[in-house]
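Scroll down for the structure; my scribbles are underneath it.
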Amino acid sequence: MNVQCELCPKACIIAPGQSGECRIRVNIDGTLAAVTYGHPCSVHVDPVEKKPMYHFLPGTGILSLATVGCNLHCKNCQNWEISQENPENVRAAELPPEKIPALAVEYGCSSVAYTYSEPLAWYEYTLDGCIRAREARLRNVIVTAGYANRPPLEKLFKYVDGANIDIKAMSDQFYRDVCGATLKPVLNACVLAKSAGVWVELTNLVIPTLNDSDDDLKKLAQWIVENMGNDTPLHFSRFFPQYKMRNLPETPADTLDRAKQIAIAEGIQHVYVGNLARPEGNNTYCPSCNRLVVERRGFAVIRNEITAGKCPACGTEIKGIWI
Amino acid sequence: MDLTRRHFIRNVFLLLAPIIIAPRKWTRAIRARIYPGPVGPLDPAQIRHPAKWAG
């Protein structure tokens, strides 16, 4: 008997023995099964800045894990070797959710990230991991494309502290052509996360000719200001040709500088540039007095002067999770 | 038109067909405990190092 997965807007109808588009939700004898549950293919301690999360426990390590699988199929995927692969072909380790907190503590981490591929595709593992980590007083971060239906997101967000959500473009056509998805559910997920009290940072990978026009960048910044607030950090990330998109050049540094200027002009307070060494691209400044409050070099925090969530000079609150 | 037994059965079938044929809907999947690919132990040396993956 066929089953229909209602986790994401794709609503895959899956025949016995087959999987949904994500490759990891499988119809086994008429039952939908999450076949990568408890079996991550990647477990690492990353700097939290690598997610990227810049307003979330800066300078700390975060236990980061992923199973294979993703419900999007971006032609430019940076992690396609795990996101677009069948579990049969990727070696995994056994790490049930109940063992995640102890592993995080063993490696000196106060938070856990569900990242690299698509944690919403391996939803049950992400959810149970978040619940177990929360019970152990650890924080949870998801790094996601945000493509899922509202009910499962509502349930998950109760246990998530921070999220980096990738808005790939402000064009539905881009989502359809490049990612095999649609825009609206992603924007809805961003708003839902914010309204659920999750600390949200947004990422936009700037790809030459596809989403790098002034109009594209302005639309993105305006939507963020109107729907997420101008204190939501925005990370512009540099594209490198890979996977099925090798016909385009890497993003010029000037384009990223232009993106940053446009976002700032639209009122976004914290705009960062990633995948590119820029002397001031990764620092955090007070939005009121412009004092340097967190200095970074790459993913390393050189100094963090934020005191009780405020600028030490003028006392303005800097939004984020700092302790 | 009188409702014959034949028509009655046909109508009942048409009414129930979507329920019988429609796939069962699942939002949350069951947690499979058997991974379909190769499984090995966690590697502590790898865990200590940042991943090569983005994110």
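What the table below lists for this structure:
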item	result
Answer from A:Ser83, A:Ser117, A:Ser42 - the residue that is under 19 Å from A:Asn140 (Cα atoms), in contact with a Cys (Cβ under 8 Å, 6 or more places away or on another chain) and not hydrophobic (A, V, I, L, M, F, W, C)	A:Ser117
Residue in segment B:29-38 that is in a strand (DSSP E or B) and within 7 Å of chain A (Cβ to nearest Cβ) present	yes
Residues within segment A:18-33 that are at the interface with chain B (Cβ under 7 Å from one of its Cβ atoms) and buried (at least 24 other Cβ atoms within 10 Å of the Cβ), tallied	2
Qualifying residue in segment A:204-227 (condition: under 23 Å from A:Ile318 (Cβ atoms), surrounded by fewer than 22 Cβ atoms within 10 Å (Cβ to Cβ), touching a residue at least 40 places away in the same chain (Cβ under 8 Å) and under 16 Å from the mean Cα position of the chain (by Cα))	no
Qualifying positions in segment A:97-137 - among the polar types (S, T, N, Q) and more than 10 Å from chain B (Cβ to nearest Cβ)	A:Ser110, A:Ser111, A:Thr126
Lone qualifier among A:Ala11, A:Ala104, A:Ala15, A:Ala34 - being farther than 26 Å from A:Asn149 by Cα and not basic (Lys, Arg)	A:Ala104
Any pair with Cβ under 8 angstrom, 6 or more apart, that starts in segment A:1-17 at a residue that is in contact (Cβ under 8 Å) with a residue 12 or more places away in the chain and more than 7 Å from chain B (Cβ to nearest Cβ) and ends at one that is part of a loop (DSSP other than H, G, I, E, B) and of a type in the set (Ser, Thr, Tyr)	A:Cys8/A:Tyr147; A:Pro9/A:Tyr147; A:Pro9/A:Thr182
Of all residues making up segment A:242-270, the number that are among the polar types (S, T, N, Q), farther than 23 Å from A:Ser83 by Cα and in contact (Cβ under 8 Å) with a residue 60 or more places away in the chain	0
Elements of type strands (runs of 3 or more DSSP E) contained in segment A:88-178, each with 3 or more residues being under 25 Å from A:Leu210 (Cα atoms)	A:162-166
Complete set of residues in segment A:197-216 that are in a strand (DSSP E or B) and out of contact with any helix residue (DSSP H, G or I) (no Cβ under 7 Å at 6 or more places or on another chain)	A:Trp199, A:Glu201, A:Thr203, A:Leu205
Odd one out for A:Cys74 among (1) under 30 Å from A:Glu305 (Cβ atoms); (2) part of a loop (DSSP other than H, G, I, E, B); (3) of a type in the set (A, V, I, L, M, F, W, C)	(1)
Single residue of B:Ala45, B:Ala17 found to be among the hydrophobic types (A, V, I, L, M, F, W, C), closer than 30 Å to A:Pro96 by Cα and out of contact with any Leu (no Cβ under 6 Å at 6 or more places or on another chain)	B:Ala45
Selection within segment A:175-201 - over 17 Å from A:Ile224 (Cβ atoms) and surrounded by fewer than 18 Cβ atoms within 10 Å (Cβ to Cβ)	A:Arg176, A:Asp177, A:Gly180, A:Thr182, A:Ala196, A:Gly197
From A:Ile306, A:Ile268, residue being farther than 25 Å from A:Lys218 by Cβ, buried (at least 17 other Cβ atoms within 10 Å of the Cβ) and among the β-branched types (Val, Ile, Thr)	A:Ile306
B:Ala54 vs. criteria more than 28 Å from A:Met1 (Cβ to Cβ) and at the interface with another protein chain (Cβ under 7 Å from one of its Cβ atoms)	yes
Residue match in segment A:84-91 (condition: in contact with a helix residue (DSSP H, G or I) (Cβ under 8 Å, 6 or more places away or on another chain), on the phi < 0 side of the Ramachandran plot and surrounded by fewer than 23 Cβ atoms within 10 Å (Cβ to Cβ))	yes
Enumeration of residues in segment A:39-55 that are part of a helix (DSSP H, G or I), more than 8 Å from every other protein chain (Cβ to nearest Cβ) and not aliphatic (A, V, I, L, M)	A:Glu49
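One line per residue, one yes/no per condition, for (1) within 16 Å of A:Gly129 (Cβ to Cβ); (2) surrounded by fewer than 20 Cβ atoms within 10 Å (Cβ to Cβ); (3) in contact with a Leu (Cβ under 9 Å, 6 or more places away or on another chain):
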site: A:Ala15; (1), (2), (3): no, yes, no
site: A:Gly38; (1), (2), (3): yes, no, yes
site: A:Lys75; (1), (2), (3): no, yes, no
site: A:Glu81; (1), (2), (3): no, yes, no
site: A:Ala102; (1), (2), (3): yes, yes, no
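No value in this document is a laboratory result; all are computed from the given coordinates. What you are looking at is a predicted structure, and each value in this text was computed from that prediction instead of being measured. As a convention, Cβ positions derive from the backbone with ideal geometry for all residues, glycine included, and neighbour counts pool all protein chains shown.
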